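FYI, it's all coordinate maths here, none of it is from the lab. The structure displayed is predicted, hence computed values, not measured ones. As a convention, Cβ positions derive from the backbone with ideal geometry for all residues, glycine included, and neighbour counts pool all protein chains shown.
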Amino acid sequence: MSDYAIEALDLVKKFPRRAPAESSAAPKNPLARLFQRPPKSEFTAVDHVSFQIHRGEIFGLLGPNGAGKSTTIRMLCTLLEPTSGTARINGYDVVRDANRVRQSLGIVLAGERSIYWKLTGRENLEYFAALYHIPPEIARKRIDELLDYMELTSRANELVEKYSTGMRQRIVLSRALLARPPIILLDEPTLGLDPQAARRIREMVLDLKRQGHTILLTTHYMEEADQLSDRIGIIDQGKIIALDTPAALKQRIRQQDVIKMEVAGWKPEMTGAIQSLPGIRQMVTRFLEQDGIWEIHLQTENSRAVLPHLIERVNTNGTHLVNLNIVAPTLEDVFIHLTGKALRD
Ligand SMILES: Nc1ncnc2c1ncn2[C@@H]1O[C@H](COP(=O)(O)OP(=O)(O)OP(=O)(O)O)[C@@H](O)[C@H]1O
């Protein structure tokens, strides 16, 4: 048996580049358009990605929208064939041993609507148990246990369409666990859930690790990656740009102070004035729509030296400082440090 539960070795996935809806180069005549050769350009969604995940580990793939997280997961669970490179799940090759790979995995895909809304929670699980050839006696016991564990027993006989988003996600997770797979892939498991439902799912992920499962989860929530993962791969534009434990990743920018300011009346042309202050390493601005103010995120070598000049520059031309904090570096700061942009741009 392989030492690793999951191995991705130089994985690449290219897609044909999507043609713009109405390009100026496209002929106007519909018949000519039909026979026009499509452009041969390709887009690399996953670009030589490698990582190895130990048995019993929670590994987080953290990156912004479009970074290539879902495409990586889809290759690992045999839904997409890699353009090049290989991956092994439980020692099985995702292309040559696809059936064995699928038998080793429980999968929760992002935004998945793979449960039937016109069936009850229990009927859904019974249906999938039959599909996975789990003998009825064993299935019944397991479904009862899962419904109990997911705190869904009292609602098990209601149609899924009556469930909240969090309850549906717990049924999707139950479905992934029905066949007791050793390895679980979770693509954005808390996306769209309210904070309480998201917390419940996170507790379950930690619980599954305690039960011995290996978990690969993707997320663009840095707090989630930080809280759950033993190790994190930070992914951007299809490439893994850093891979380590959350603590070691944050340690990389230990020498820097992180300043978070909230500013009213911010003008984009002020960016240059602030960036030119000595000691400013990185700067990211974000408009907080609901408050109508700007959040300015700075990484500096020495906040004490920079603060007086910073405050003076901010409080000019009708712009003023609403709030300022010197904060402990987060994984978002690591991402900013590595890419010069925010995770949630
Ligand atoms: N079938 C496809 N054809 C063409 N391009 C695709 C296809 N699937 C994904 N892409 C592109 O590949 C890139 C990576 O997408 P992917 O879904 O893997 O990102 P992600 O990190 O999971 O982000 P998100 O959370 O937005 O899904 C994106 O630019 C996306 O538009």
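Here the peptides 96-103, 77-84 are ranked by packing, the mean other Cβ count within 10 Å, and the order with the highest first is 77-84, 96-103. What FRET efficiency comes out for the pair Ala247/Leu9, r = Cβ-Cβ distance, R0 = 22 Å, nearest 0.05? So the FRET efficiency works out to roughly 0.25. Count Lys and Arg as plus one, Asp and Glu as minus one, and take only other residues whose Cβ is under 13 Å from that of Pro182; the net charge is then +4.
The slack between Leu307 and Gln275, meaning 0.36 nm per residue of separation minus the straight C-alpha distance, is 10.2 nm.
Couplings 3J(HN,Hα) for region 147-152, derived from phi with the Karplus relation 6.51 cos²θ - 1.76 cosθ + 1.60 (θ = phi - 60°), are 4, 5, 4, 7, 6, 10 Hz, where x marks Gly and Pro. Relative to a virtual label point 7 Å from the Cα of Arg180 in the Cα→beta-carbon direction, which members of region 140-163 show backbone nitrogen distances below 11 Å? It comes to 142, nothing else.
The equivalent ellipsoid of region 206-345 has semi-axes of 32, 16, 13 Å, largest first, where each one is the square root of 5 times an eigenvalue of the Cα gyration tensor.
Separation of the alpha carbons by more than 21 angstrom is noted, of Lys162/Lys209; Lys13/Lys250; Lys13/Lys69; Lys250/Lys341; Lys69/Lys239, for Lys162/Lys209; Lys13/Lys250.
Classify region 255-328 from the C-alpha gyration tensor, please: rounded if a/c falls under 1.5, else prolate or oblate depending on whether a/b exceeds b/c. Spell out each step's value before the answer.
Numbers: a/c = 1.76, a/b = 1.38, b/c = 1.28.
Here region 255-328 falls in the prolate category.
With the simple spin-label model, which puts each label point 7 Å out from Cα in the Cβ direction, the Glu223 to Lys260 separation comes to 0.9 nm. Looking at the chain alone, DSSP beta bridges between its own residues are antiparallel in about 70 percent of cases. Using only side-chain charges placed at the Cβ, +1 for Lys and Arg and -1 for Asp and Glu, the dipole size of the chain relative to its Cα centre rounds to 920 debye.
Exactly which trypsin sites (Lys or Arg not before Pro) in region 291-345 are in a DSSP loop and have at most 14 other Cβ atoms within 10 Å? Hits after loop and neighbour filter: Lys341, Arg344.
For Asn29 and Asn65, what is the calculated FRET efficiency with R₀ set at 22 Å and r taken between the beta-carbons, to the nearest 0.05?
Details: r = 37 Å, r/R0 = 1.70.
Between Asn29 and Asn65 the formula returns 0.05.
Could you give the C-alpha radius of gyration of the chain expressed as a fraction of 2.2 N^0.38 Å, taking N as the number of residues it contains? Write out the running numbers ahead of the final one.
On the way: Rg = 23.9 Å, N = 345, 2.2 N^0.38 = 20.3 Å.
That ratio works out to 1.18.
A Cβ-based charge dipole, computed about the Cα centre of region 255-328 with Lys and Arg at +1 and Asp and Glu at -1, lands at about 160 debye.
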